[in-house]
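Just so it is clear, none of the values below were taken in a lab; they were calculated from the coordinates. Please read all numbers here as calculations on a predicted model, not as lab measurements. Glycine gets a Cβ as well: all are built from the backbone with ideal geometry, and neighbour counts include every protein chain shown.
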Amino acid sequence: MDLFFEGLVRAATLLARGDAELWRVTLLSLQVSGTATAICLLIGVPLGTALALTRFPGRGIVLALVNTGMGMPPVVVGLIVSIMLWRTGPIGQLRLLYTPTAMVIAQCVIALPIVVGLTVAAIQQLNPKLRLQILGLGASRVQLLWLLIREAKLPLLAAAMAGFGAVISEVGASIMVGGNLMGQTRVLTTATVMEVGKGEFGAAMAFSIVLLLLVYSVNALLTWVQQRGRPL
Amino acid sequence: MGLFLATLLPLLVVLTGSMTAQADEPRLLLGTTVGLERSGLLAALLPVFERQTGRKVTTVAVSAPQALALGARGEVDVLLVDAAADEPGYLSAGHAIDRRLVMHADEVIVGPRDDPARAREAGDLVDALRRIAASNSGWASRADNSGLFQLEKRLWREAGLDPTGQAWYQPLGQGLAQTLTAATERQAYALADRLTFLERRDLLDLGIMVEGAPELLRPYHVLVVNPAKGAWLDDAGARALVEYLASDGAQAVIRGFGVERFGQPIFVPDA
């Protein structure tokens, strides 16, 4: 228990002192995972809506693949993305390995199936008559898509939170494609693993507490957006 | 649709803005061990090299076998590792074209300050291990997949002892920090690298019992990856780093590293 309090005290002192390293690591965590989540929402929500509304041969296989992807182990994603980004890899000439961009790519691979899968479920649970009604009122396809997304706002924001939660908390992929380089690709999770390895459990606890605070703040904001103006 | 894009797109621009700059800068990739990176020595050495040569160095800190494997694939330009046993074969296999001794670190045997096994008085390392085994004072072992545990197993073999199953032998299966804590709690002996022990010295009730034996020295070599491994390899940069690490300036930094903090050097310059 003493380590828990040591971590709390240490986190508080580092934050209060405005420790440059802690802030940089925290900001990068937010940047990388926020970017990955935003990209996944941009691609995943329309993709998931389309998947929910269309019928085509092999749709079941695609959905099963998406649902499998929701449980993709981050280390596996990290390994695959690393091999792609290696200098000997297919897109190695981009020189992206050990950069925040590489971490965003890996986190997108992790979060995209989550966003798509939950979007499919969110859209499909809407009353099918709603779709007919919207089309009957003369809406275009894009308008239909937008109205359905708005109608499914609650579960879609849940999808955003699930996607963000998955990537901000993963460490396997980030450490592999980012390399935990100080000042460049060190994020809260990789810093925690490093401090544990050093036996600095107090510092590790401090990073963990900041991570929990960050995840809570982001989710509190999204929950507020989700629940705003909704009667009990 | 408008609102959805209107919120996400600016967010994306803001978030990515500060991250994109560094991708196209040429970087010299240095493959090294997590242990060396953590020591802080590279942070003391590399900025000088970067200023002198105008090259940015990216340190890829992994395990020594993983660093060698990355070098063999041409994924890093230069290596600074402590894998002396594997390095000659690595050179003859054509993965690296140049190898230079930079420095060495060392392991120590630590134990209770009153030294119940009288290991401090031992004539050599084998004698010390036999004394510890015979005294029943206890030995805390990492018993994990670390290089340190590989060394420990080799040392026991050389001493003609098989500790597994003995009452005094405590295999923990944990990291060195936890192993040293356990050694303090049980007033047992343990094998540790000097830096980790010194860093945690104040939290431990242990002292250095055995040091300086040749088997306990851990040399670090710098290896230039064979430029034939890929057109992208920065051979000139790798050679410049070799020259720099062997230079008087760098060797002096190595000698002085840790003296202020621990009262003794951690690395011994050898170039």
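Of the numbered criteria (1) under 25 Å from B:Trp232 (Cα atoms); (2) touching a residue at least 12 places away in the same chain (Cβ under 8 Å); (3) within 14 Å of chain B (Cβ to nearest Cβ), the one A:Ile80 fails is (3).
Tally up the residues in region A:133-169 that are within 21 Å of A:Val45 (Cβ to Cβ) and either among the hydroxyl-bearing types (Ser, Thr, Tyr) or touching a residue at least 12 places away in the same chain (Cβ under 8 Å) (or both), please.
Residues that pass the stated criteria total 25.
To keep it simple, each residue is scored yes or no on (1) part of a loop (DSSP other than H, G, I, E, B); (2) within 20 Å of the chain's Cα centre (by Cα); (3) surrounded by 15 or more Cβ atoms within 10 Å (Cβ to Cβ).
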site	(1), (2), (3)
B:Leu233	yes, no, yes
B:Ala236	no, no, no
B:Leu245	no, yes, yes
B:Ile254	no, yes, yes
B:Arg261	no, yes, no
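On the basis of being within 17 Å of the chain's Cα centre (by Cα), within 28 Å of B:Val34 (Cβ to Cβ), in contact (Cβ under 8 Å) with a residue 24 or more places away in the chain and part of a helix (DSSP H, G or I), does A:Val215 make the cut? Yes.
Within region A:17-45, the set of residues being at the interface with chain B (Cβ under 9 Å from one of its Cβ atoms) and of a type outside the set (A, V, I, L, M) comprises A:Gln31, A:Gly34, A:Thr35. Restricting the first member to region B:39-64 and to residues that are within 10 Å of chain A (Cβ to nearest Cβ) and touching a residue at least 24 places away in the same chain (Cβ under 8 Å), and the second to residues that are assigned to a loop (DSSP other than H, G, I, E, B) and not acidic (Asp, Glu), the beta-carbon pairs closer than 6 Å and six or more apart or on different chains are B:Thr58/A:Tyr98; B:Val60/A:Gly179; B:Val60/B:Val76.
So in region B:207-231, with the set limited to residues that are within 14 Å of chain A (Cβ to nearest Cβ) and in contact (Cβ under 8 Å) with a residue 12 or more places away in the chain, which one is surrounded by the fewest Cβ atoms within 10 Å (Cβ to Cβ)? Quick ask: steps written out before the conclusion?
Within region B:207-231, the first condition is being within 14 Å of chain A (Cβ to nearest Cβ), and the residues that meet it are B:225-231.
Filter once more, so that each one left must be in contact (Cβ under 8 Å) with a residue 12 or more places away in the chain: B:225-230.
Working: B:Val225: 28, B:Asn226: 20, B:Pro227: 17, B:Ala228: 12, B:Lys229: 22, B:Gly230: 16.
Among them, the one singled out is B:Ala228.
Of the numbered criteria (1) in contact (Cβ under 8 Å) with a residue 60 or more places away in the chain; (2) within 21 Å of A:Phe207 (Cα to Cα), the one A:Phe5 fails is (1).
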